[in-house]
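First up is the structure itself, then whatever we jot down about it.
The values are calculated or read from the model by the stated rules, or taken from the named source; none is laboratory data. It should be emphasised that the depicted structure is a prediction, and the values quoted were computed from it without experimental measurement. Every residue, glycine among them, receives a Cβ derived from its backbone with ideal geometry; neighbour counts consider all protein chains shown. Accessible surface is based on the protein model in full, side chains and every heavy atom, while ligands, DNA and RNA are left aside. Shrake-Rupley method; radii C 1.70, N 1.55, O 1.52, S 1.80 Å.
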Amino acid sequence: ARAQIGVTGLAVMGRNLARNFARHGYTVAVHNRSYAKTESLIADHGTDGDFVPSESTADFVASIERPRKIVIMVKAGAATDAVIDELIPHLEEGDVVIDGGNAHFPDTIRREHKLSELGLHFVGMGVSGGEEGALNGPSIMPGGPKESYTTLGPILEDISAKVDGTPCCTWVGPDGAGHFVKMVHNGIEYADMQLIAEAYDLLKHGLGESAAGIGKIFEQWNKGDLESFLIEITADVLQHVDAETGKAFVDVVLDQAEQKGTGRWTVQNALDLGVPITGIAEATFARALSGSVPQREAARAALPGDAGTWQIEDRDAFVEDVRLALYASKLVAYSQGFDQIAAASAEYGWGIDRGAMARIWRGGCIIRAKFLNRITEAYERDENLPLLIADPYFADVVGKGLAAWRRIVAQAALNGVPTPAFASSLSYYDGVRAERLPAALIQAQRDFFGAHTYRRVDREGTFHTEWSGDRSETTA
Ligand code: 6PG
């Protein structure tokens, strides 16, 4: 046994992660269900470093030093359980099994409990950054037993992305915490992408600007507060021309957004926890709306538009308004995502350090962005910060963009351009800061039809009014 780490599942993510380990000087045991993939890894990239290929699971496991560290990189779901079951008979006490797929965190909790009963360690590890990140430095979110991080952590930190010399990898928390945080990362990714898409749509309709022209605007934006991977690739994508038609590439792509499910899981969990992640939810539903073809056709045929026509006098001012609205809405989406992490951490007993999560998202991952530094700073100022956008720095940023944000949402509505994420984020902002909400009326209605009781503003206790009787108030 001479390999320091093993990777099983050599599709593109597994292959690139294995190459990343090898390039960092680790001897990497590699294995795949069909041996051809293992052979092609060695044939194509054997020079990256020291690989130990095995055809059988037994040989693969035997080729790794104890306590073994084995990374599973297969499609999340049943395949992960199958690989775990295949590994188990060959493993020995103290070995560490690491699932680097996009697993749903309840599955990770279940697997962690099962393996810990067998004396094994199970690490549910979120990995972000796509193929490129896996090869050159992803953001890594490992959960599981903390003691496993003592030996595993340094290797993962070594191959992770670095920002100012700091690794984009840290231990997240017990059992499902790592995969949970990766799930929320993806939810924020959905919101971020939807907000960017809405900004593009506003610039397109408002200015009548070409895709390439809007790409240039995003290029400019990427030099300021919005600097991020997603803004950067948007600038690139918008300026790309379709080779076949000579049209802007974005104009020949079918406008139906798909998803593999992590955004949906994020929203489902937020509903369970009662956390209002409205931006992420709207982004997820916007994908669903785009894919409802028969409904879109029926609506187009039947529903009047009745919208005004854009009258933009100052183009630069409009562009700046869109930029400010995008930044404010984006801060809301991140704030909501961190809110969900806090709620889950309390609910499942994970003790997640939110500032550290922002720190490991600064590089490597899809939502990497310059302003994540500011989030870390906010949680350093107050680790129990109840709401990220209420941190003085973010409150100031959002405050300065507020008038622009309102103008954009209003103009979009007047001109019939759908901006579900912009609009819901602004509504959330106004809702969460409202002195008094109409929730009072809802409580009264609930008490009226179902004797569900209410509390009063002026004294402690729970009350009920005899609505169908003499309308006297009783203490419930
Ligand atoms: C990442 C990405 C990655 C993947 C998403 C795409 O962090 O590297 O989030 O996990 O690209 O799963 O998700 P959808 O297919 O659901 O858009």
Residue in segment 153-182 that is farthest from the ligand (Cβ to nearest atom), counting only those that are in contact with an Asp or Glu (Cβ under 7 Å, 6 or more places away or on another chain) and open to solvent by 10 Å² or more (accessible area, probe 1.4 Å):
Asp175
Of all residues in segment 217-233, which are surrounded by fewer than 17 Cβ atoms within 10 Å (Cβ to Cβ) and more than 22 Å from His185 (Cα to Cα)?
Glu219, Gln220, Lys223, Gly224
Inside segment 252-270, can you point out the residues that are crowded, with 16+ Cβ neighbours inside 10 Å, within 14 Å of the ligand (Cβ to nearest atom) and farther than 29 Å from Gln239 by Cβ?
Arg264, Trp265, Thr266, Val267
Name the residues in segment 271-297 that are among the β-branched types (Val, Ile, Thr) and either under 19 Å from Tyr429 (Cα atoms) or open to solvent by 60 Å² or more (accessible area, probe 1.4 Å) (or both), would you?
Val275, Ile277, Thr278, Ile280
Quick check on my filter: what residues within segment 392-443 are polar (S, T, N, Q), assigned to a helix (DSSP H, G or I) and surrounded by fewer than 21 Cβ atoms within 10 Å (Cβ to Cβ)?
Ser427, Gln443
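Considering only residues of segment 106-119 that are hydrophobic (A, V, I, L, M, F, W, C) and more than 14 Å from Phe180 (Cβ to Cβ), which is surrounded by the fewest Cβ atoms within 10 Å (Cβ to Cβ)?
Checked segment 106-119; the qualifying residue surrounded by the fewest Cβ atoms within 10 Å (Cβ to Cβ) is Leu118.
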Residues located in segment 126-136, provided they are of a type outside the set (Ser, Thr, Tyr) and either near the ligand (Cβ under 8 Å from one of its atoms) or under 20 Å from Val184 (Cα atoms) (or both)
Gly126, Val127, Gly129, Gly130, Glu131, Gly133, Ala134
Unique residue being out of contact with any Phe, Trp or Tyr (no Cβ under 9 Å at 6 or more places or on another chain), crowded, with 22+ Cβ neighbours inside 10 Å and closer than 17 Å to Thr170 by Cα when the list is Phe60, Phe122:
Phe122
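Restrict the check to segment 140-152 and report whether at least one residue is within 14 Å of the ligand (Cβ to nearest atom) and either surrounded by 14 or more Cβ atoms within 10 Å (Cβ to Cβ) or under 19 Å from the mean Cα position of the chain (by Cα) (or both).
Scanning segment 140-152 turns up at least one residue that is within 14 Å of the ligand (Cβ to nearest atom) and either surrounded by 14 or more Cβ atoms within 10 Å (Cβ to Cβ) or under 19 Å from the mean Cα position of the chain (by Cα) (or both).
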Can you tell me which residue in segment 194-240 is nearest to Ala317 (Cα to Cα), limited to those that are of a type in the set (Ser, Thr, Tyr) and out of contact with any strand residue (DSSP E or B) (no Cβ under 7 Å at 6 or more places or on another chain)?
Tyr200
Condition check: at pLDDT below 95 and either surrounded by fewer than 17 Cβ atoms within 10 Å (Cβ to Cβ) or under 17 Å from the mean Cα position of the chain (by Cα) (or both). Does Gln340 satisfy that?
no
Every residue from segment 444-476 that is open to solvent by less than 100 Å² (accessible area, probe 1.4 Å) and either part of a strand (DSSP E or B) or in contact (Cβ under 8 Å) with a residue 40 or more places away in the chain (or both):
Tyr454, Phe463, His464, Thr465, Glu473, Thr474
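One line per residue, one yes/no per condition, for (1) touching a residue at least 40 places away in the same chain (Cβ under 8 Å); (2) within 16 Å of the ligand (Cβ to nearest atom); (3) under 26 Å from the mean Cα position of the chain (by Cα); (4) under 22 Å from Asn269 (Cβ atoms):
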{"site": "Val74", "(1), (2), (3), (4)": "yes, yes, yes, no"}
{"site": "Ala82", "(1), (2), (3), (4)": "no, no, no, no"}
{"site": "Asp85", "(1), (2), (3), (4)": "no, no, no, no"}
{"site": "Pro89", "(1), (2), (3), (4)": "no, no, no, no"}
{"site": "Glu92", "(1), (2), (3), (4)": "no, no, no, no"}
{"site": "Ile109", "(1), (2), (3), (4)": "yes, no, yes, yes"}
{"site": "Glu112", "(1), (2), (3), (4)": "yes, no, yes, yes"}
Extreme residue, least open to solvent (accessible area, probe 1.4 Å), among residues of segment 82-105 that are acidic (Asp, Glu) and outside any strand (DSSP E or B)
Asp95
So Ile214, is it open to solvent by less than 10 Å² (accessible area, probe 1.4 Å), aliphatic (A, V, I, L, M), within 12 Å of the ligand (Cβ to nearest atom) and closer than 30 Å to Val322 by Cβ:
no
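Of all residues in segment 39-57 being under 20 Å from Val127 (Cβ atoms) and touching a Leu at 6+ places or on another chain (Cβ under 8 Å), which is most open to solvent (accessible area, probe 1.4 Å)?
By that ranking, first place goes to Phe51.
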Given (1) under 18 Å from Asp175 (Cα atoms); (2) more than 16 Å from the ligand (Cβ to nearest atom), index of the condition Arg68 fails
(1)
Pairs please, first residue from segment 131-158 and closer than 24 Å to Val12 by Cα, second anywhere and surrounded by fewer than 17 Cβ atoms within 10 Å (Cβ to Cβ) and of a type in the set (D, E, K, R), Cβ atoms under 8 Å, 6+ apart in sequence or on different chains.
Gly137/Lys162
